[in-house]
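Okay, so here's the structure we're looking at.
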Amino acid sequence: MKMKIKKLIKNKPASTFKKFTQNHHGFTLLELLTVIAIIAILIAISLPLFNSVLEKAKQRTDVANERNAKALATVTYLSDGLSNEQTYYFDAESGTLKKTVPEFKYGQSKQLAKDTLVTDKSKSTVPYKGYIYLKVSESATKDLSIQLLWGGGEGSASSIPTNEIDNNLLKGGMFDKDYAEIHGTTTIKFFKNEWQVLNIDKAAHQKLKGVLNLDPKFVNIQHYAFEKCTGITEINLPSTLRRVEKYAFEGMTGLEKISFYNTTYFQIPEMLSSCKNLKTIEFHGTEQQWKNLNLKIPSGANVRFIP
């Protein structure tokens with residue numbers, strides 16, 4: 001009797017396993033595709049909602065920085081007992097005001113929030129990768145006027161339409177009738193607020209000749225800005241320039257000399273490689289700082305280090 005019971009117990013697991021394997025063959029391809037399709041639909045529904053919530057959160061962050069900047073500018077201006085107009089730059093990283101453009105760009109949102117403190121939206125860029133600056137002044141009636149704007153942002157319509165810049169270029173002036181002519185020594189000057197070198201109309205390329213000097217107010221050169229401006233033989237970049245976007249100097253075969261500072265960041269190492277006739281590079285910095293840039297230059301170019 002004991003032997004029979006043991007035999008039954010011993011055989012039961014094997015019999016059960018065999019029955020289980022016979023009745024279960026895994027998921028069919030149709031079942032797997034159905035599950036994947038359901039997951040894809042759920043993701044498609046949730047992503048726009050997630051992006052909308054994320055954008056609003058970023059806008060809240062930007063508005064919080066605006067409020068901090070305005071409060072700090074008010075306190076600073078009044079405590080210093082000033083009467084003339086002052087321009088302050090808000091540095092969100094340190095939570096302080098500066099007189100120069102902050103290196104740390106903190107703009108989050110790709111459009112201005114509804115409750116933004118920006119006073120003139122036509123002159124303000126989208127906050128994304130930008131910073132806050134404020135113009136503070138006191139009227140004759142002792143009322144404090146604070147103009148808050150975003151500068152250096154990306155992805156927005158700038159305060160001056162690109163076609164207006166192109167028209168001024170074609171007329172022979174750089175951005176404004178009072179600026180330098182486009183021949184000989186050309187100077188791109190500061191206009192209204194902090195400015196970036198935009199893409200220059202191809203019809204104006206042939207008028208850009210000789211030496212090009214960038215005004216110290218410029219902090220950025222956008223990609224393809226001077227593409228195929230073959231008439232420029234020399235470029236002098238200011239120490240205030242922080243960033244040069246990719247292919248900004250693409251196809252500048254007439255360029256023989258360029259001067260820039262160690263504080264300027266080049267987006268890609270091949271920035272100067274297409275300038276085939278480049279002979280002299282004046283680098284304001286050390287040899288180690290030059291190596292850190294890792295720039296690729298034409299074989300005939302010589303680097304001169306200036307302390």
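General remarks:
- Inter-label distance for Asn294 and Gln111, nm, one decimal - labels placed 7 Å from Cα along Cα-to-Cβ: 3.8
- With R₀ set to 30 Å, the beta-carbon distance separating Lys246 from Val75 gives a calculated FRET efficiency near 0.15.
- Exceedance of the 25 Å cut-off in Cα-Cα distance is limited, within the set Lys98/Lys257; Lys99/Lys291; Lys228/Lys257; Lys123/Lys257; Lys110/Lys209, to Lys98/Lys257; Lys99/Lys291; Lys123/Lys257; Lys110/Lys209.
- The modelled label-to-label distance for the pair Glu85/Glu287, using points 7 Å beyond Cα in the direction of Cβ, is 4.9 nm.
- Protection proxy ranking, peptides 147-154, 127-134, 80-87, 252-259, average beta carbon neighbours within 10 Å, highest first: 127-134, 147-154, 252-259, 80-87
- Amide N proximity, segment 90-107 versus Ile306 label position 7 Å along Cα-to-Cβ, cut-off under 20 Å: none
- ³J(HN,Hα) computed for each position of segment 108-123 - Karplus, 6.51 cos²θ - 1.76 cosθ + 1.60, integer Hz, glycine/proline x: 9, 8, 8, 7, 5, 5, 5, 9, 4, 8, 4, 8, 9, 5, 5, 9
- Linear extension gain, Lys279 paired with Asp143, 0.36 nm per residue minus alpha-carbon span: 43.3 nm
- Multiplying the residue separation of Arg60 and Lys99 by 0.36 nm and removing their Cα-Cα distance gives an extension gain of 11.5 nm.
- Ranked by the mean number of other Cβ atoms within 10 Å per residue, highest first, peptides 69-77, 33-41, 218-226 order as 218-226, 69-77, 33-41.
- Burial ranking of peptide ranges 229-238, 296-305 (average Cβ count within 10 Å, highest at the top): 229-238, 296-305
Every number in this text was worked out from the coordinates using simple rules, so none of it is lab data. Note that the structure is a prediction, hence the values are computed from the model and not measured. Counting neighbours? That spans all protein chains shown, and the Cβs are built from the backbone with ideal geometry, glycine included.
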